[in-house]
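A.B. asks: Sharing a structure here in structure tokens format.
Every number in this text was worked out from the coordinates using simple rules, so none of it is lab data. Source: prediction; values computed, not measured. Using ideal geometry, Cβ is built from the backbone for each residue, glycine included, and neighbour counts are taken over all protein chains shown.
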Amino acid sequence: MQDYSSVIEFIRETFHTPEAFIPLHEPRFLGNEKKYLEECIDSTFVSSVGKFVDRFEEMVTEFTGTNKAVVCVNGTNALHLALQLSNVRPDDEVITQPLTFIATGNAISYCGASPVFVDVDRDTLGLSPQKLEEWLEENVDMRNGKAEVKNNEAQPYNKSTGRRIAACVPMHTFGHPCRIDKIVEVCNRYNIKVVEDAAESLGSYYKNQHTGTFADIGVLSFNGNKTITTGGGGMLLFKDKAMGEYAKHLTTQAKMPHKWEFRHDHIGYNYRMPNINAALGCAQMEQLPKFLKVKRELAKRYDRFFSSSSFNSVFVNEPSHSNSNYWLNAILLNNKEEREHFLEQTNEAGVMTRPVWELMNTLPMFRKCEKGDLSNAEWLADRLVNIPSSVIL
Ligand SMILES: *Cc1c(COP(=O)(O)O)cnc(C)c1O
């Protein structure tokens, strides 16, 4: 059995933590967090309205270069709303990758739609445009269908299930950008709406453009384990400002603006982020550039260590044409057996490591869903392990 004590030693040294437990990713509150929270509480505007909500949206708009940003209670409901706005309806199908966090599949299910799993690329860990194109070529018919689809253009239908393919949700795994430009191009050709799950990739760029801004709608998450946190939170990014404004209306119970009347013009949601969470978000956004710099240095240090060590493990570097936020660092072990040994030894020693998520297509609720050849995802699932990635103090 391979002995991983030198890895454990290296990680303990890197995090200046000789004995205590080292988590995978913990938040850092090093700036104005307490000040803004206090301001928020003093103002009494802790709930669904307040200046921090607007400021947080403005900060993210500016940082990502999107046209409109709308805060949500979390990333999962942001994904749900994004799919609703993309016209995903009951009995539709939505293409996504099997290698993703469960939220992607859950949001598709909330719309009454079923996921279709298409393989990832080994270098990006994200949806493969080539595999996507192959799957569509083989499995899809273009025809005129559902009346509720407003334009008269032909829609893609799955030949074997007869269901409409309404949308595609690629995901930027661990913050590493997938080939999103190519994915959008393929989907456009098939009249498929793209929702970019950029929950893990705030601060990641593909071809110098921020992830989450390639598709019509992108989604970010500010959960406690993400690069920055609002406790819980999410954000929708829109190309089309008007659609963003409509989304904002839907997240606030679709209430018509009026000083005293309660009038609602649509089935809406209570999905808006409270001002107290946004206060935390503003303070975290101020620190994001520093966090990204420190995370990049940590990734470089890991890369140097694993490329010079005697193990055959490979550090997962950012793919070409991209600049990754290195949200969660990952290594590839040689096989599943080595992976198990690595997980056992590190966790036993109080250094948290974790295998990648179980592939979505193997979970009981998605086992019967449509899928293509998933050989890359299967290969990665046996070998990928996340290693501690918090911003080092
Ligand atoms: C974190 C995450 C989400 C959203 O999660 P929330 O906890 O609801 O904010 C969605 N998709 C992926 C891939 C994620 O990692």
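A.B. asks: Given only helices, namely DSSP H runs of n ≥ 4 each adding -39500 (n - 2.57), what is the per-residue ellipticity at 222 nm of the chain, to the nearest 500 deg cm²/dmol?
C.D. replies: The helix-only estimate for the chain comes to -11500 deg cm²/dmol at 222 nm.
A.B. asks: Express the relative contact order of region 276-393 as a whole percentage, based on alpha carbon pairs under 8 Å and six or more residues apart in sequence.
C.D. replies: Across region 276-393, relative contact order equals 30 percent.
A.B. asks: Can you pull the one-decimal nm distance between simple spin-label points at GLU297 and GLU38, each 7 Å off the Cα toward Cβ?
C.D. replies: Once both label points are built, they end up 2.9 nm from each other.
A.B. asks: To continue, here is another question. Quote the relative contact order of the chain in percent (integer), defining contacts as alpha-carbon pairs under 8 Å separated by 6+ residues.
C.D. replies: In percent, rounded to a whole number, it is 24.
A.B. asks: Taking a ≥ b ≥ c as the square roots of the Cα gyration tensor eigenvalues, with a/c under 1.5 meaning rounded and otherwise prolate when a/b beats b/c, else oblate, which class fits the chain? Working shown, then result.
C.D. replies: Values: a/c = 2.12, a/b = 1.16, b/c = 1.84.
It comes out oblate by the Cα gyration axes.
A.B. asks: Among ASP265, ASP92, ASP216, determine the one that fluctuates most according to a GNM of the chain built with springs between C-alpha atoms less than 10 Å apart.
C.D. replies: ASP265
A.B. asks: Then there's this: Let a ≥ b ≥ c be the square roots of the eigenvalues of the Cα gyration tensor of region 211-281; is it rounded (a/c under 1.5), or, if not, prolate (a/b larger than b/c) or oblate?
C.D. replies: Taking the square roots of the gyration eigenvalues as a ≥ b ≥ c, region 211-281 is oblate.
A.B. asks: What is the fewest-to-most order of LYS182, LYS34 by other Cβ atoms lying within 10 Å of their Cβ? It would help to have the intermediate numbers written out before the result.
C.D. replies: Numbers: LYS182 16, LYS34 12.
So the residues, fewest neighbours to most, are LYS34, LYS182.
A.B. asks: Between TRP379 and ALA254, what is the spin-label point distance in nm, taking each point 7 Å from the Cα along the Cα→C-beta axis?
C.D. replies: Reported label-point gap for TRP379 and ALA254 is 4.7 nm.
A.B. asks: Taking the Cα centre of the chain as origin and charging only Cβ (+1 Lys, Arg; -1 Asp, Glu), how large is the dipole, in debye to the nearest 20? Could the numbers behind the result be given before it?
C.D. replies: Details: 43 positive and 50 negative charges, 190 e Å.
Roughly 920 debye, rounded to the nearest 20.
A.B. asks: Pulled fully out, how much extra length does the chain show between LYS336 and SER48, if you take 0.36 nm times their separation in residues and subtract their Cα-Cα distance?
C.D. replies: Additional length available on full extension: 99.0 nm.
A.B. asks: With an 8 Å cut-off on Cα pairs and a minimum separation of 6 or more residues, tell me the relative contact order of region 217-284 in percent.
C.D. replies: Relative contact order here is 29 percent.
A.B. asks: Estimate the FRET efficiency between ASN347 and LYS207 by the formula 1/(1 + (r/R0)^6), using the beta-carbon distance for r and 35 Å for R0, to the nearest 0.05.
C.D. replies: My answer for the efficiency is 0.40.
A.B. asks: I want to verify a result. In a Gaussian network model of the chain, Cα cutoff 10 Å, which of these has the top mean-square fluctuation: THR161, THR96, THR61?
C.D. replies: With Cα springs under 10 Å in the chain, the top fluctuation among THR161, THR96, THR61 is at THR161.
A.B. asks: Does anything in region 355-380 have its amide N under 13 Å from the 7 Å Cα→Cβ label point of SER160, and if so which residues?
C.D. replies: Answer for region 355-380: 368-374.
A.B. asks: Here is a follow-up. Comparing ALA103, ALA78, ALA299, which has the greatest mean-square fluctuation in the GNM of the chain with Cα pairs linked when under 10 Å apart?
C.D. replies: ALA103
A.B. asks: For LYS368 paired with VAL314, estimate the spin-label separation in nm (one decimal), with each label point 7 Å from Cα along the Cα-to-Cβ line.
C.D. replies: 3.8 nm
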